[in-house]
1. So what is the calculated 222 nm ellipticity per residue for the chain, using -39500 (n - 2.57) for each DSSP H run with n of 4 or more, over all residues, to the nearest 500 deg cm²/dmol?
2. Provide, for q = 0.25 Å⁻¹, the log10 of I(q)/I(0) from a solvent-free Debye sum over equal Cα point scatterers in the stretch 43-114.
3. Distance from the Cα centre of the stretch 68-114 to that of the stretch 1-35, in angstrom?
4. Please identify, among Ile58, Ile41, Ile27, the residue showing maximal mean-square fluctuation in a Gaussian network model of the chain using a 10 angstrom Cα cutoff.
5. Using the number of other C-beta atoms within 10 angstrom as an exposure proxy, rank Ser73, Ser53, Ser3 with the fewest first.
6. With springs only between Cα atoms under 10 Å apart, run a GNM on the chain and tell me which of Lys77, Lys54, Lys97 wobbles the most.
7. Which value in nm describes the separation of the simple spin-label points at His32 and Asn51, placed 7 Å from the Cα toward the beta carbon?
8. For the chain, set up a GNM with springs between Cα atoms under 10 Å and report which of Ala95, Ala30, Ala18 has the largest fluctuation.
Amino acid sequence: MKSLSDETLSHVAKFLRAMGEPTRLKILRALHDGELTVSEIIARTQATQSNVSKHLTILTMMGILASRKEGTSTYYKIADPNITGICDTVCRSIAEKIRQERSTLNNIRKGVTL
């Protein structure tokens, strides 16, 4: 990051903002193991068709997702495998932090001090 220009950092921030929305993260989670149709994404995210379509458009415009048409279906996939790694790393880190906070709270409730 130290060698990136301000302009590049602005693009990085825009990219990360595109992923920083719960429905978009659900879409990325659904696509983690491979491409899916819009209908399959809707089923896995439990979001409405219009909501999913809106978020798919944003993620595709940002280059996070790629799509292809096959007959009447459109298939989406994560465009760059590094995106999956980034999401996995961040999610694992946050999940661990939440686990530690819960453990600390449980210990406080039990009267144990650290």
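Computed from the coordinates by the stated procedures, all read-outs in this text should not be read as laboratory data. Computed from a prediction, not measured in an experiment: that's the story for all the values here. Neighbour counts run over all protein chains shown; Cβ positions are idealised from the backbone, glycine included.
1. Calculated mean residue ellipticity at 222 nm is -21000 deg cm²/dmol.
2. Debye intensities relative to I(0), on a log10 scale: -1.15.
3. When both Cα centres are located, 14 Å separates them.
4. Between Ile58, Ile41, Ile27, it is Ile58 that shows the largest mean-square fluctuation.
5. Sorted ascending by nearby Cβ count, the order is Ser3, Ser73, Ser53.
6. Comparing Lys77, Lys54, Lys97 in a Gaussian network model of the chain, the most mobile one is Lys97.
7. Label at His32, label at Asn51, 2.0 nm between them.
8. Checking each option, the largest mean-square fluctuation is seen for Ala95.
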